[in-house]
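Asker: Could you have a look at this structure, given as structure tokens, before my questions?
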Amino acid sequence: MGQIQRYQMLIDGQWVDAEGDRRFDSINPANGSIWASIPDASEADVNRAVEAAQRAFAEGPWSNTTATSRGKALRRLGDLLAEKSDALGKTETVDTGKLFKETRWQAAYIAEYFHYYAGLADKVHGETLPIDKPDLMVFTTREPLGVIAAVVPWNSQLFLAAVKLAPALAAGNTVVLKASEHASAAILEFGKAIEEAGFPPGVVNIISGHGEPCGRALTSHPGVSRVSFTGGPETARQIIRNSAENLAEVSLELGGKSPVIVFDDADLESAANGVVAGIFGASGQSCVAGSRLYLHEKIADRFLAQLVETAQGIRIGDPLAEETQMGPLATEAQLLKIEEEIAIAKKEGATIAAGGRRPPELKRGWFFEPTIIECSDQKNRIMDTELFGPVLAVLRFKTEAEAVTLANDTQYGLAAGIFTRDTARALRVSKAIRAGIVWVNTYRVVSPIAEFGGFKNSGYGRESGLQAIYDYTRSKTVWLNTSSEPIANPFVMR
Ligand code: NAD
């Protein structure tokens, strides 16, 4: 085992330890060994971070910086991230087990988010209103909200931080970013790029710690104006309760059990690749994982046979190796939960078509085989339980209407995939599906230009796209008397 890396948090432009130097270990999921030591922020540390962000918002140079200068700082940050993408990607891989090929690419692609919002920073403006009274000019401006609490989970943490930070900073807010206790290292390292890009102290503060006390203290802090949260629905409910303390605005990007429908007229080879990418990419630890597959009965046998062959050929192993196609799960708890849910699904009548176990040849680390599990009934619990792992639940359908009903029969509504050559059908079905993102003949594509978010238990609020920067502002209405006459005495009636 190599030397244990010792991380610090970024508060008010200083690299600091948690109060009393409290720490927790970070474990490399590919081999189960401790590789990093992470500060465990207390309520006092959260207070320090929020106060620094409040000062930077109210007094610091940030509050007097023009929108164009903010855009330039974000552009520099994006450029630096692109340069550092190898190092950042490697840290994320060691910390979470996600493939280096993907973390490296993602770390480079998040530069695009900072560049996109860099361009938007000085294009957010208010309006002049055609007011219904004489001698008044009335206009609105868009004002930043104040301190933003950005709370992220362990999967794709750099990416999920970028979709919050880029619009929040472009709009002129300051931020306290809380990393997940399961994957903090890459986010803490990202702080170095913040420093190098020249953001004044306190504009971006990065803390690490557990839900209790760190997450709770941050999201209920009276100095916080908006909470931007990505994570699970249970934590989201707690965050809404926390926000009763500070009346902060809340946006929630939560989980999913996203359906993929393959019709009998689809390009089956292409659809199979889309399905595989949708569920086995990132070992299925993706909020938009296409984890429910609905197959038209005419093509089901053929398609399933092809999928099983592909799944069984996936190379599992060291996530840093270029030839690896699937890495481990991020935590042991994830692995245990998946095993438990598969056992329940089997008891409820589902059958394993591929995988369903830990790969016997990999003795260390939290690996699980790409798994395909055929259900005969939508009522099987696995059809609506987010496993966050490489497990695909499959069901057959007869008609388009039945496919839509099955796809919508879920507590979630984040994403969906449709594979068909019939464009009219693609439009009909995408309209009928209750999900925030619908991919037709593709899957798991994102962009800073396209809005992202869910319906139902997948949360509310949207990230990315033009609207996101407005969501980090609020309007102010200014009334200006243009009359040359003095204001009449209000107590003299005419
Ligand atoms: P989680 O909800 O357990 O934790 C997310 C974050 O919330 C962590 O930083 C955690 O420390 C913090 N937290 C926990 N309790 C808190 C509290 N009481 N107050 C404030 N913060 C608290 O989620 P997870 O297990 O880390 O991540 C997996 C979940 O995230 C899955 O459900 C997944 O679908 C979802 N996710 C959604 C998206 C999306 O964009 N929709 C993207 C990625 C992941």
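The values are calculated or read from the model by the stated rules, or taken from the named source; none is laboratory data. Given the structure is predicted, the values throughout are model-derived calculations rather than measurements. Cβ placement follows ideal geometry from the backbone for every residue including glycine, while neighbour counts extend to all protein chains displayed. Side chains are part of the model used for accessible areas, which takes the heavy atoms of the whole protein and leaves out ligands, DNA and RNA. Shrake-Rupley method; radii C 1.70, N 1.55, O 1.52, S 1.80 Å.
Asker: What spacing in nm lies between the two simple spin-label points modelled at VAL478 and ASP301, each 7 Å away from Cα in the Cβ direction?
Answerer: Spacing of the two 7 Å Cα→Cβ label points: 7.3 nm.
Asker: Measure off 7 Å from each Cα along the Cα-to-Cβ vector at ASP17 and TYR470, then give the distance between these two points in nanometres to one decimal.
Answerer: A separation of 4.8 nm, rounded to one decimal place.
Asker: May I pose another question? I need the calculated FRET efficiency for the pair GLU127 and LYS363, taking r as the beta carbon distance and R₀ as 60 Å, to the nearest 0.05.
Answerer: 0.40
Asker: Another question, if that's okay. At a 1.4 Å probe, what is the % contribution of carbon and sulfur to the accessible area of the chain?
Answerer: Its accessible area is 52 percent carbon and sulfur atoms.
Asker: Moving on. Quick one: 3J(HN,Hα) in Hz for the stretch 220-235, Karplus 6.51/-1.76/1.60 with θ = phi - 60°, rounded, Gly and Pro as x.
Answerer: In residue order, the calculated couplings are 9, 5, x, x, 9, 9, 8, 10, 10, 10, 10, x, x, x, 5, 5 Hz.
Asker: Something else: Work out, step by step, the length gained on full extension between GLU245 and LYS379: first 0.36 nm times the residue separation, then minus their alpha carbon distance; give nm to one decimal.
Answerer: Numbers: separation 134, 0.36 × 134 = 48.24 nm, distance 3.89 nm.
Between GLU245 and LYS379, full extension yields 44.3 nm more.
Asker: Taking θ as phi - 60°, what are the ³J(HN,Hα) couplings along the stretch 275-287 by the Karplus curve (6.51, -1.76, 1.60), each to the nearest whole Hz, with x for Gly and Pro?
Answerer: Couplings: 5, 4, 4, x, 10, 9, x, 6, 6, x, 8, 9, 4 Hz.
Asker: Return the FRET efficiency for the residue pair THR399, MET137: r is the Cβ-Cβ distance, R0 is 56 Å, and the value is rounded to the nearest 0.05.
Answerer: With R0 = 56 Å, the Cβ-Cβ based efficiency is 0.40.
Asker: How many Å² of accessible area per residue for the chain, probe 1.4 Å? Mind showing how you got there, number by number?
Answerer: Numbers: 20860 Å² over 494 residues.
For the chain, the per-residue accessible area is 42 Å².
Asker: Something else: Could you give the length gained on full extension between SER33 and SER430, defined as 0.36 nm per residue of separation minus the Cα-Cα distance, in nm?
Answerer: 138.4 nm
Asker: Report, please, the projected area of the chain averaged over directions, based on the convex hull of its C-alpha atoms, in nm². Display every interim value, and only then the final one.
Answerer: Values: hull surface 111.3 nm².
Averaged projected area of the chain's Cα convex hull equals 27.8 nm².
Asker: While we're here: Protein chains only, probe 1.4 Å: how do HIS182, HIS115, HIS210 rank by accessible area, largest first?
Answerer: On the way: HIS182 90, HIS115 40, HIS210 65 Å².
Final ranking, largest accessible area leading: HIS182, HIS210, HIS115.
Asker: Can you give me the relative contact order of the stretch 366-494 as a percent, contacts being Cα pairs under 8 Å and 6 or more apart?
Answerer: Worked out over the stretch 366-494, it gives 16 percent.
Asker: A further question follows. How far, in nm, would the chain grow between ILE352 and PHE455 when pulled straight, counting 0.36 nm per residue and subtracting the alpha carbon separation?
Answerer: 34.0 nm
Asker: Go ahead and run the numbers for FRET between ALA87 and ILE4, Cβ-Cβ distance against an R0 of 25 Å, rounding to 0.05.
Answerer: The value I calculate is 0.90.
Asker: Per the helix-only calculation at 222 nm, which mean residue ellipticity applies to the chain, given -39500 (n - 2.57) for every DSSP H run of n ≥ 4 and division by its residues, nearest 500 deg cm²/dmol?
Answerer: Value at 222 nm, helices only, nearest 500: -11500 deg cm²/dmol.
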